[in-house]
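Beneath this line is the structure, given in structure tokens, with notes to follow.
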Amino acid sequence: MQDDIREQIALFRYRLISPILVEPAREQNAYFRQQATQTHGLPHYGPRQIAPSTMKAWLRAYRQGGFDALRPKPRADMGRPRRLGDQELAAIRAKARAYPFVTVRRLHEMLIEHGQLGDPPACYNTLVRIVKQEKLRPDGARSDERKRFETPAVNELWVCDFMHGPTVRLDEREKARRAKAILCAIIDDHSRMIVGYAFSAHETVSVLTLVLKEALLAFGLPKRLYVDNGPAFSSDLLATACARMGVSLVHSKPYDSPSRGKIERFFRTVRDRFLSGLTGELTLDELNDAFAAWLTDDYHHKAHGGIDARPVDRYHASAGRLDIRRLSAHELDEFLLVRYERVVGNDATISFKGRVFEVPAAYIRQRIEIRHPVDDADQLWLYDSGARVGRLRLVDVNENARTFRPSGARDAISFARGEVKK
């Protein structure tokens, strides 16, 4: 824990006990009991309820050692690696959300299989304690009423989710790195058409927005997009894009995968009718090609029991009666731009993804906003107060050594007008 965090915690403790520093014991006890019923926002730890005995201990420590006695003491195991760090805890939370109804024992086995419990792995009892503390298991009884529903037309509701699939090679080489293929799919509620899909090696917002962009280009804009509460679906990028496109972004309740029953049922079909028929180890590209062919030849053109029709027929029958909203590829790129901030160095450059880009000299030592399309990190654009200034280019040190630039030749105005040397 850093010194400034300890200072903030000590200050919080002092503010909590300061009203009763000179009060008699009876008034102190009444005050502590009243404070114990409230939730306090502790620096570093977040919302907590504090027991009266803890506040009494703080008061005694302050009287004996002053303000410094309220600072948290360093951990006894400082300098030794912890069994579970932030990465392992994040993996536990993600896995628990993805499989809310598996037992903790099975969850422990799955985490060990993927090497997500440290080395050596944390024991089962440790996982039980974390699951209980963070309430990562759903309650046994359901209090909400669930009814079967279906939207009256296509693009009324899209449902999106991720599914973990087989292990694949990431390229054509025999000794290429292996990774688990994760399917991101979007299903139209009315027709059961899969409007967007892709297997990838990650479960990130970049993968999600790439799939969403292809779906929006091909099928137009939905009225609502229904997703779970995973990191990709809770990102600011997705929320901002939906807000700008006029699409309602709806999140399901935590641990409520049955509310996304149509996409979950599709994933079961993928496992039963597609993955079960694969033979040999495929590359990621081969898996995507095979999946696209399976959708066209099998899923979309076979009768679906939930709608008693072929998904492709039901989609076209409904789409023919609607005026579907559409956006151009350029408009979608603008809505789905990934945003970053950088501080411009004294040499009027910034570093981004291991490369160095030139920036107008007017922005030296300033924090700037840069954006790029989710599927093209080479198109890096500079924005100032929400307005696009211009596209950044990679530094060419050899050209810079040959080129004479008089003072003011490369100001922000000339850059914004596109008067940048190509």
Checklist outcome for this item: A correct Karplus calculation of ³J(HN,Hα) over region 336-353, with 6.51 cos²θ - 1.76 cosθ + 1.60, θ = phi - 60°, whole Hz and x for Gly and Pro, returns 9, 5, 7, 10, 9, 10, 9, 9, 6, x, 5, 8, 6, 9, 10, 9, 9, 6
Checklist entry - Under a GNM of the chain (C-alpha, springs under 10 Å), which listed residue has the highest mean-square fluctuation: P373, P24, P121? => result P24
Checklist entry - PRE reach from R273 (point 7 Å along Cα→Cβ): which of region 174-197 fall under 20 Å by backbone N? => result 183-197
Checklist entry - How large is log10 I(q)/I(0) at q = 0.08, 0.09 Å⁻¹ when the Debye formula is applied to the Cα atoms of the chain, each weighted equally and without solvent? => result -0.69, -0.84
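Which pairs, out of K132/K262; K95/K262; K95/K302; K132/K213; K180/K353, put more than 27 Å between their alpha-carbon atoms?
Values: K132/K262 30 Å; K95/K262 21 Å; K95/K302 33 Å; K132/K213 39 Å; K180/K353 24 Å.
Table pairs above 27 Å Cα-Cα are K132/K262; K95/K302; K132/K213.
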Checklist entry - Check D228: other-chain or 5+ apart residues with amide H under 5 Å from its amide H, H built from backbone geometry? => result S252
Next on the checklist: Testing the spin-label approximation: label points 7 Å from Cα along Cα→Cβ at N398 and T296. State their distance in nm.
Outcome noted: 4.4 nm
Item to check | 5 angstrom amide H check on V395, placed H, neighbours 5+ away | outcome: V356, F357, E358
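Compare the peptides 315-324, 195-204 by average per-residue count of other Cβ atoms within 10 angstrom and give them in order, highest first.
On the way: 315-324: 13.5, 195-204: 19.5.
In descending order of packing, they fall as 195-204, 315-324.
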Checklist entry - If the chain between T167 and K223 were fully stretched, how many nm would it gain, using 0.36 nm times the residue separation less the Cα-Cα distance? => result 16.7 nm
Next on the checklist: Given an 8 Å cut-off on Cα distances and at least 6 residues of separation, report the relative contact order of region 3-70 as a percent.
Outcome noted: 35 percent
Next on the checklist: Between A377 and Y14, how high is the FRET efficiency from 1/(1 + (r/R0)^6) when r is the Cβ-Cβ distance and R₀ = 45 Å? Nearest 0.05.
Outcome noted: 0.40
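First measure r as the distance between the Cβ atoms of Q366 and I307, then evaluate 1/(1 + (r/R0)^6) with R0 = 60 Å and state the FRET efficiency to the nearest 0.05. It would help to have the intermediate numbers written out before the result.
Values: r = 56 Å, r/R0 = 0.93.
That pair, Q366 with I307, gives E of 0.60.
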Next on the checklist: Roughly how far apart, in whole Å, are the Cα centres of region 15-56 and region 325-372?
Outcome noted: 47 Å
Next on the checklist: Using Cα springs under 10 Å in a Gaussian network model of the chain, which residue among R97, R148, R244 shows the largest mean-square fluctuation?
Outcome noted: R148
Item to check | Distance in nm between pseudo-label sites at E27 and S351 (7 Å out along the Cβ direction from Cα) | outcome: 5.8 nm
Item to check | Ordering of 339-349, 286-296 by burial proxy (mean other Cβ atoms within 10 Å per residue, highest first) | outcome: 286-296, 339-349
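Rounded, prolate or oblate: which one fits region 148-299, using the alpha carbon gyration tensor with axes a ≥ b ≥ c (rounded when a/c is under 1.5, else prolate when a/b beats b/c, else oblate)?
Values: a/c = 1.86, a/b = 1.51, b/c = 1.23.
In terms of gyration-tensor shape, prolate.
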Checklist entry - Sequence-distant or interchain residues sharing an amide H contact under 5 Å with H304, placed H: which? => result A309, R310
Next on the checklist: With a cap of 16 neighbouring Cβ atoms within 10 Å, and only residues DSSP puts in a loop, list the trypsin sites (Lys or Arg not before Pro) found in region 343-402.
Outcome noted: K353, R365
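Over the chain, calculate the relative contact order: mean separation of alpha carbon pairs under 8 Å at least 6 apart, over the residue count, as a percent. Write out the running numbers ahead of the final one.
Numbers: 547 pairs, mean separation 41.0, N = 422.
Averaging sequence separation for qualifying contacts and normalising by length gives 10 percent for the chain.
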Next on the checklist: Which of the three applies to region 3-70, rounded, prolate or oblate, going by the alpha-carbon gyration tensor with a ≥ b ≥ c and a/c under 1.5 meaning rounded?
Outcome noted: oblate
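Using 0.36 nm times the number of residues separating R105 and D3, minus their current alpha carbon distance, what extension gain do you get? Can you show the working numbers first?
Values: separation 102, 0.36 × 102 = 36.72 nm, distance 3.89 nm.
Gain on stretching R105 to D3: 32.8 nm.
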Checklist entry - Hey, how many Å between the Cα centroid of region 181-216 and the Cα centroid of region 231-251? => result 14 Å
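The numbers here are math on the coordinates, done by the rules we state, and not lab data. Model, not experiment: these values are computed from the prediction. For neighbour counting, all protein chains shown are included, and Cβ atoms are generated from backbone atoms with ideal geometry for every residue, glycine included.
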